[in-house]
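Presented below is the structure to which this report refers.
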Amino acid sequence: MTSASDTVALPAGSAPASSAPRRRLPPLAVLLSALFVALLVIATVAPRWLAPLDPLEGDFLAVLQPPGVEHPFGTDRLGRDVLSRTVHGARYSLFIGIGGTAISVLAGVLLGLVAGQKQWLLDEGLSRLFDVISSFPGVLLAMLVVVFLGPGLANIALAVGIAGIPKFARVVRAQTRIVRQADYVTHAYIYGRSRAQVFFGHLLPNVLVAVPVTATVYVGSTVLAASGLSFLGLGPQPPTPEWGVMLAESRDVLRVAWWPGVFPGAAITLTVISFTVLGHHLQRRFEGRLA
């Protein structure tokens with residue numbers, strides 16, 4: 001039996017350590033995705049840290065060498081180091097992905113805020129415009145834009161950005177209609193707040209809460225679409241070390257050398273997966289806070 005002297009009194013208001021809530025660590029997939037995105041950032045800012053060789057310099061004495069000590073990812077048909085080209089390609093792919101997403105977010109937020117107001121005719125007209133743009137597959141619409149503007153890094157970012165405008169516009173429109181009818185917005189008007197104060201102080205911050213979650217997922221989709229357009233010859237042109245261009249160049253030697261196409265393809269796949277996993281994780285955190 002336990003005596004009274006063996007009992008340890010706890011201070012008032014304290015609880016046993018075992019009952020204290022513990023913060024759950026993110027799942028392993030989220031940690032790995034964040035690590036890979038951090039690696040992409042390093043490859044974009046300082047690619048020489050990861051791959052010191054020149055991605056454009058060829059060596060005809062080292063054509064199509066398999067992965068080894070000197071060239072961890074092997075060489076392509078011109079003797080260029082595949083590792084260096086893959087690492088330097090992150091800069092172009094992320095520029096297109098983030099730039100295209102930024103265009104979609106800016107235009108989508110502006111049009112969504114306008115469509116979410118009380119003007120029925122404007123709302124109906126913009127909603128039909130979103131339906132028309134969404135009726136085209138994203139890659140096909142981006143191809144049409146590139147055909148009119150011409151190939152190039154900035155044009156392909158603009159093309160995939162235009163294709164993603166309806167996605168963000170619909171999210172912002174729906175959130176605007178919900179927040180506009182909330183009690184705290186109504187009370188702000190009752191207490192004498194001006195329209196500008198209500199818009200910037202209550203409406204806009206609560207409308208934009210869900211935008212970063214959608215944008216994180218869309219970055220991966222934009223990188224995939226941009227790589228597909230580059231593969232078709234509508235993006236950056238050779239010898240630019242962009243992942244889609246590298247895949248296109250590897251088609252002729254794929255039967256005899258798998259490494260020039262596998263490693264940039266793996267980079268595209270891991271980039272899409274990483275941004276998608278991070279976006280869904282942020283979405284679950286966001287929905288949990290709302291609940």
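The values are calculated or read from the model by the stated rules, or taken from the named source; none is laboratory data. None of the values given here were measured: they were computed from a predicted structure. Cβ placement follows ideal geometry from the backbone for every residue including glycine, while neighbour counts extend to all protein chains displayed. Only protein heavy atoms, including side chains, enter the accessible area calculation; ligands, DNA and RNA are left aside. Shrake-Rupley method; radii C 1.70, N 1.55, O 1.52, S 1.80 Å.
I'd like the full set of residues that are at negative phi, open to solvent by 30 Å² or more (accessible area, probe 1.4 Å), part of a loop (DSSP other than H, G, I, E, B) and in contact (Cβ under 8 Å) with a residue 24 or more places away in the chain, limited to segment 218-244.
Answer for segment 218-244, where residues must be at negative phi, open to solvent by 30 Å² or more (accessible area, probe 1.4 Å), part of a loop (DSSP other than H, G, I, E, B) and in contact (Cβ under 8 Å) with a residue 24 or more places away in the chain: 232, 234, 237, 239, 240.
Looking only at segment 53-77, how many residues end up being at pLDDT below 90 and of a type in the set (Phe, Trp, Tyr)?
Going through segment 53-77 one residue at a time, the tally reaches 1.
Being exposed (fewer than 10 other Cβ atoms within 10 Å of the Cβ) and under 30 Å from residue 223 (Cβ atoms) is the filter; apply it to segment 1-45 and report the residue that is modelled with the highest pLDDT.
Within segment 1-45, the match that is modelled with the highest pLDDT is 28.
Taking segment 80-95, which residues are of a type in the set (D, E, K, R) and part of a helix (DSSP H, G or I)?
85, 91
Output the qualifying pairs, or none if there are none: Cβ atoms under 9 angstrom, residues six or more apart or on different chains, first residue in segment 116-139 and under 17 Å from residue 162 (Cβ atoms), second residue of a type in the set (S, T, N, Q) and open to solvent by 40 Å² or more (accessible area, probe 1.4 Å).
138/221
Pull out all pairs, ordered by first then second residue, where Cβ-Cβ is under 6 Å, the residues are six or more apart or on different chains, the first lies in segment 246-259 and is within 12 Å of residue 76 (Cβ to Cβ), and the second is in a loop (DSSP other than H, G, I, E, B) and open to solvent by less than 20 Å² (accessible area, probe 1.4 Å).
Within 6 Å, the pairs are 259/74.
Within segment 169-183, take every residue that is free of Cβ contacts under 8 Å to residues at least 40 places away in the same chain and open to solvent by less than 50 Å² (accessible area, probe 1.4 Å) and give me the one that is nearest to the chain's Cα centre (by Cα).
Among residues in segment 169-183 that are free of Cβ contacts under 8 Å to residues at least 40 places away in the same chain and open to solvent by less than 50 Å² (accessible area, probe 1.4 Å), the one nearest to the chain's Cα centre (by Cα) is 179.
For segment 96-143, which residues satisfy the criterion of being outside any helix (DSSP H, G or I) and either β-branched (Val, Ile, Thr) or in contact with a Ser or Thr (Cβ under 8 Å, 6 or more places away or on another chain) (or both)?
Within segment 96-143, 116, 117 meet the criteria.
Can we say residue 166 is touching a helix residue (DSSP H, G or I) at 6+ places or on another chain (Cβ under 8 Å), in a helix (DSSP H, G or I) and surrounded by fewer than 18 Cβ atoms within 10 Å (Cβ to Cβ)?
No, not satisfied.
In this structure, does residue 99 turn out to be at positive phi and touching a helix residue (DSSP H, G or I) at 6+ places or on another chain (Cβ under 8 Å)?
It is false that residue 99 is at positive phi and touching a helix residue (DSSP H, G or I) at 6+ places or on another chain (Cβ under 8 Å).
Conditions first: (1) under 19 Å from residue 80 (Cβ atoms); (2) open to solvent by 30 Å² or more (accessible area, probe 1.4 Å); (3) assigned to a helix (DSSP H, G or I). Residue 248 passes all but one, so which condition is the exception?
(2)
Have a look at 202, 187 and point out the one that is open to solvent by 20 Å² or more (accessible area, probe 1.4 Å), part of a helix (DSSP H, G or I) and over 26 Å from residue 168 (Cβ atoms).
Every option except 187 fails the conditions.
Any idea which residue in segment 46-94 is most open to solvent (accessible area, probe 1.4 Å), counting only those that are over 24 Å from residue 151 (Cβ atoms) and of a type in the set (Phe, Trp, Tyr)?
Within segment 46-94, the match that is most open to solvent (accessible area, probe 1.4 Å) is 49.
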